[in-house]
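Heads up: the structure comes next, in structure tokens.
What follows is calculated from the coordinates using simple rules that are stated; it is not laboratory data. It should be emphasised that the depicted structure is a prediction, and the values quoted were computed from it without experimental measurement. Please note: Cβ atoms are built from the backbone with ideal geometry, for glycine as well, and neighbour counts cover all protein chains shown.
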Amino acid sequence: MKKCIGFLAASIFAVSAASAQADRWQQRVKYTMEINMDVKTNRFTGKQKLEYTNNSPDTLKRVFYHLYWNAFQPNSMMDARSRELGKLKINGDPDWDSRVMDRISKLKEDEIGYQKIGSLSMNGVAQKFIMHETILEVVLNRPIAPKAKVVFEMEFETQVPIQVRRSGRDAANGVRYSMSQWYPKLCEYDQQGWHPTPYVAREFYGVWGDFDVKISIDKNYILGGTGYLQNTNQIGYGYETSGTKVSRPATEKLVWHFIAPNVHDFMWAADPEYRHLVRNIPNGPTIHVLYNRDENFMAQQFSRLNENVKARYSNDVSKYIEQVDNQWKEVADAAVVVYPFITKNFGEYPYKQYSFIHGGDGGMEYPMGTLLTGPGLGTAFHEWMHTWYQMLLGTNESLYAWMDEGFTEWSTDKVEAYYRETVTKKRIGNNPAAIKALDSAAQILPLNHAPNYNSYLGLAKSGLEEPLTTHADHFNTNAAYGAAAYSKGCVFLAQLGYIVGEQVRDKIMLEYYRQWRFKHPDVNDFIRIAEKQSDMKLDWYKEYWVNGIKTIDYGIDSLWEEGGKSKIRLKRIGKMPMPVDLVVQYKDGSKEIAYIPMYLMFGAKPAEDDSLQRTVYPAWKWTHPTYTVEISRKLGDMKTLEIDPSHRMADTERRNNKLDIPW
């Protein structure tokens, strides 16, 4: 897709996006919403018109909506689940999400969240609906036929909860409103049927469509979020056209009018003290950064710092505020720096804006924007990369959280490494000790993904691991979910580079994006792309790595000499088979690679280092625990043997991978 596609009209945008992809039917939505916010009561009323196109071959007798904020009530499923996990101890700590804990159980009536439906009709006829806490079931008076379009109209009232998880009001970072999961949202219907997933902890899945949203709120509030602001010169606050005089209406409230084409969710945030930074990327999107710059609140934050930290600012709060300003400026400037790298390596960004917005309780991604609890650059990169591996691909996060979080972790590691090399190290200058300390702190040796490998290996040895096929809400522990979705998912891609070769893996990722953007791919769709690009069979990799929890462990078993040739016996100790790179280093300084494909691959990766001699051996059958490599040189010539010196294979015991030959 060309860069200019993001700047075309919405209808052309949608058609162009669909034409370059794999063929799969999808439902379609078009939301038109009007919201009236009362900042004194923290409630808003809303009217929603939803055009729903049933592109499936099925007749639909019911539809379902998400009512996410009903989770923020005592004894909700989210509350009960969090408190139950808090009873578990892992490494001496409760297993609950530290942001949630038992906070929901303590919310008062004016602090809870709720979404109440006043009326709901389809094509002008009132419909029967049933509340199931965070799911609204609508029993249709007339089924929706295949290829038919209907119009739902709804009136609803919502109370914004005290910020507990992702969304809400009066967050710890001082932001007034973080408005995510804030509207009645139609559940997805796909080839597996309806997905009325209750809001227990994580994750999300939505229908592609267009949003037209008008938000009426007190005129001193500044907003940011998904979509393109339509009335910029009436609103101002940094959105106005350069050189244009802002002409705000003489009313107590402003109506912010946003349009968002071809997205599967809509987020916004609002605060009277937002500072708005803008960066324009050549041939790319406009970057918006909005952060809370309430000096009274920042002074309170400064007062809570310990004396040693205050001393770093010479006990001067103005220097602390200056640093916060600079950190948010770096988020804006860094986005400009890394954007060309991102689009080259992961695919074009098809929209014309992206917003980094202060809010929420950590980092949480949405179409065209993210909520950030603070200006941490690593978190900002991570949430932005979710654009590629969730906002533009739309995988069902509940079933394939690792394809969202893990792929995002993998790409974030690469973006961070690029930024270190192009910006951070240039700031350091010619200071080898400082550069070494930077690399050590980033744990980039021997590979950029080392922290995620270490996290996965810890999970594999913990006894807590569950298959990646486990539903995101159904993991027995939060600890196992986090390490699996983020780290094991990241290792899946890094290790795929070991199996098929780095360059082939990178082609796979670009082709995956090209074919499946604006769709809802699953693991089978990804594997087929990988097989076609690599000309290998890779279903075995999915079966072992995704569907199971078997681990990898290869070792050097023994070596001997026969007839002037060396024999090296390798042993597969773990239950997961893999191809093997065995590097032999000789006393004269030369090296060679003995490459052993794994039988089930029915192929071999291309040579990755043309400077090294490589011999491709017959495939190692997974039924055989040992394999003997024959080298034409004598044992006395050898200095070191090592299995996978690149450390890309997630071997659970690396001490048996290397042998220094003593003679």
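Here is how the numbers come out for the structure above:
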{"read-out": "Burial ordering of Val491, Val317, Val278, fewest other beta-carbon atoms within 10 Å first", "value": "Val278, Val317, Val491"}
{"read-out": "Theoretical gain in end-to-end length, Gln613 to Glu307 [0.36 nm per residue, Cα-Cα removed]", "value": "104.2 nm"}
{"read-out": "Per residue convex hull volume, Cα atoms of segment 142-246, in Å³", "value": "179 Å³"}
{"read-out": "With eigenvalues of the C-alpha gyration tensor scaled by 5 and rooted, segment 94-207, Å", "value": "31, 17, 12"}
{"read-out": "At R0 = 22 Å, FRET efficiency that the Cβ-Cβ distance of Arg655 and Trp560 yields, to 0.05", "value": "0.50"}
{"read-out": "Lys47 paired with Ser318, simple spin-label distance in nm, labels 7 Å along Cα-to-beta-carbon", "value": "5.1 nm"}
{"read-out": "Under Karplus coefficients 6.51, -1.76 and 1.60, residue-wise ³J(HN,Hα) of segment 457-469 in Hz, glycine/proline x", "value": "4, x, 5, 4, 9, 7, x, 9, 5, 10, x, 5, 6"}
{"read-out": "Ellipticity estimate at 222 nm from DSSP helix runs (n ≥ 4, -39,500 (n - 2.57)) divided over the chain, nearest 500", "value": "-7500 deg cm²/dmol"}
{"read-out": "Pair-distance profile P(r), taking every C-alpha pair of segment 554-660, with 5 angstrom steps and integer %", "value": "2, 12, 24, 26, 21, 11, 3, 0"}
{"read-out": "Local net charge near Thr226, Cβ-Cβ under 14 Å (Lys/Arg +1, Asp/Glu -1)", "value": "-2"}
{"read-out": "J(HN,Hα) series, segment 356-365, from Karplus relation 6.51 cos²θ - 1.76 cosθ + 1.60, nearest Hz, glycine and proline x", "value": "9, 10, 5, x, x, 9, x, x, 9, 8"}
{"read-out": "Cα Rg, Dmax, the chain, angstrom units", "value": "27.2, 96"}
{"read-out": "Gap separating the Cα centres of segment 333-347 and segment 514-564, nearest whole Å", "value": "29 Å"}
{"read-out": "Cα-based equivalent ellipsoid of segment 486-621: semi-axis lengths in Å, sorted from largest, via gyration tensor", "value": "31, 17, 12"}
{"read-out": "Space enclosed by the convex hull of the alpha-carbon atoms of segment 273-383, per residue, Å³", "value": "108 Å³"}
{"read-out": "DSSP-defined beta bridges in the chain - what % are antiparallel, rounded to 5", "value": "80 percent"}
{"read-out": "For Ile135, distant residues with modelled amide H under 5 Å away", "value": "Leu67"}
{"read-out": "Net charge, Arg28 excluded, C-beta distance under 14 Å - Lys, Arg +1, Asp, Glu -1", "value": "+1"}
{"read-out": "Ser247, Ser180 arranged by Cβ crowding within 10 Å, fewest neighbours leading", "value": "Ser247, Ser180"}
{"read-out": "Segment 20-123: C-alpha gyration tensor shape, a/c 1.5 cut-off, then a/b vs b/c", "value": "oblate"}
{"read-out": "Segment 259-268 - phi-based ³J(HN,Hα) in whole Hz, Karplus 6.51/-1.76/1.60, Gly and Pro as x", "value": "10, 10, x, 6, 10, 10, 6, 8, 10, 8"}
{"read-out": "Calculated on alpha-carbon atoms, Rg and Dmax of segment 411-546 in Å", "value": "17.3, 51"}
{"read-out": "Cα-projected label distance for Ala148 with Lys621, points at 7 Å along beta-carbon direction, nm", "value": "5.9 nm"}
{"read-out": "Residue order, fewest to most beta carbons within 10 Å, for Asp210, Asp265", "value": "Asp210, Asp265"}
{"read-out": "Cα→Cβ-extended label distance, 7 Å offset, between Thr59 and Asp539, nm", "value": "3.6 nm"}
{"read-out": "Under 12 Å, Cβ to Cβ, from Cys187 - net charge with Lys/Arg +1 and Asp/Glu -1", "value": "-1"}
